[in-house]
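This report concerns only the one structure given below.
We did not get these values from a lab; they are worked out from the coordinates using the rules stated. Remember, predicted model here, so these are calculated numbers, not experimental data. Methodologically, a virtual Cβ is constructed for each residue, glycine included, from the backbone with ideal geometry; neighbour enumeration extends over all protein chains shown.
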């Protein structure tokens, strides 16, 4: 080892500062530490021990090593998963979308114990986070894929950082399906986002950590592929959202909230500035972004209806006449089948005139002209109607954004409670369609600290 670098003058000019080079070495050690939990590692630098990774033979010990490498906040915002299907096994930790990063600096992926950066893997992960990640943000994860050695070629790159899968599509679909499902199953009943930061004048603002979203000593999240339970019919799945448009018994703001019968998001107290819902749950105060939350609920509802072939139309009592440019009218006529598929009924009645006879039932109450123009702008980017499937999530997401409750619309307490209940049963309800958080928690401890109680 000493003789390997004996000719230092030839290499010294390629080295940076000692701190920079140590950072690179540390990253290599971190990747090794995560690849072999059954091996203990001790790192000495300048005669001083700087890191000590004890052998980790069980899940709690492994999570302690994860926290040592990735930080305790990552672990507290992460969900453990383990799944196996047709010879492929995926296990590890994925961070909640609210713990996204400005850089891809907390992404560790291993194939049969080897750290890799692969385009197939990267695309599958990005697609899984697509609906819940804010723009220009990166997910954080520590994941391990085990695959039969004959199905992967590790000799395609000199540094061994890239691999080639024999069945790349199978690996991609497996990773996407498992991660997409794991993120979808995170609801307010399972986890809480990072609470709001509360600081006193003169104190440094700091993030307050919260209870881990999984109990590592009591249970371990696991999934099977495909799902063991049969997929419910559209009527059963749509019933989840029925309360959003149905009056519910009003909860008195003054009524005490007990730990036994309180739903995860609690009960609504008031509406703040027409944009936020204030609710009380067993842990303290819940703040909900009204538009973002309703947008996610509508979006998931539309996706369910679309995939079950039940995106119903609502005929208008009197058809609405729209005046467009001739190019827009041509596009509407050309993509008539695409409009029909998402619940619109449009007829061209002149060179620049369009009749709107029906709109999707799920967006009732929205400004129809603005909605049709927005959807038309999206659909005009399609080359042909048969490409609608590839863009449907984007189009439905924009429709949901337009149809969701906007600020300064007053809601009754019953309506606010109905939205809270819908959020608790909606997949990915922690983020809106654009990746923004929909709710946050302010605990009683934080409120007590704000008002100096107990000091």
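As an exercise, use a Förster radius of 51 Å and the Cβ-Cβ distance of residue 374 and residue 4 to find the FRET efficiency, rounded to the nearest 0.05. Write out the running numbers ahead of the final one.
Details: r = 63 Å, r/R0 = 1.23.
Once rounded, the FRET efficiency stands at 0.20.
Quote the Stokes-Einstein diffusion coefficient, in whole µm² s⁻¹, for the range 234-455, based on the Kirkwood radius over alpha carbon pairs, a temperature of 4 °C and a viscosity of 1.567 mPa s. Kindly include the intermediate steps, with their values, before the conclusion.
Working: Rh = 19.2 Å.
The calculation lands on 68 µm²/s.
At 0.36 nm per residue, minus the direct Cα-Cα distance, what do residue 151 and residue 318 gain on full extension? Give it in nm, one decimal, please.
Working: separation 167, 0.36 × 167 = 60.12 nm, distance 6.10 nm.
Length gained between residue 151 and residue 318: 54.0 nm.
What relative contact order, as a whole-number percentage, does the range 71-184 give when Cα pairs under 8 Å and 6 or more residues apart are counted?
On the way: 185 pairs, mean separation 34.5, N = 114.
The normalised contact order for the range 71-184 reaches 30 percent.
In vacuum, with every alpha carbon of the range 47-167 counted as one equal point scatterer, what does the Debye formula give for log10 I(q)/I(0) at q = 0.16, 0.18, 0.23 Å⁻¹? Two decimals, please.
For the range 47-167 at q = 0.16, 0.18, 0.23 Å⁻¹, log10 I(q)/I(0) is -0.88, -1.08, -1.41.
Which length gain, in nm to one decimal place, applies between residue 31 and residue 101 when the Cα-Cα distance is subtracted from 0.36 nm times their residue separation? Don't skip to the answer; put the middle values down first.
Working: separation 70, 0.36 × 70 = 25.20 nm, distance 1.86 nm.
The residue 31-residue 101 span can extend by a further 23.3 nm.
With an 8 Å Cα cut-off and a minimum separation of 6 or more residues, compute the relative contact order for the range 1-124 in percent.
Values: 94 pairs, mean separation 18.2, N = 124.
Value for the range 1-124: 15 percent.
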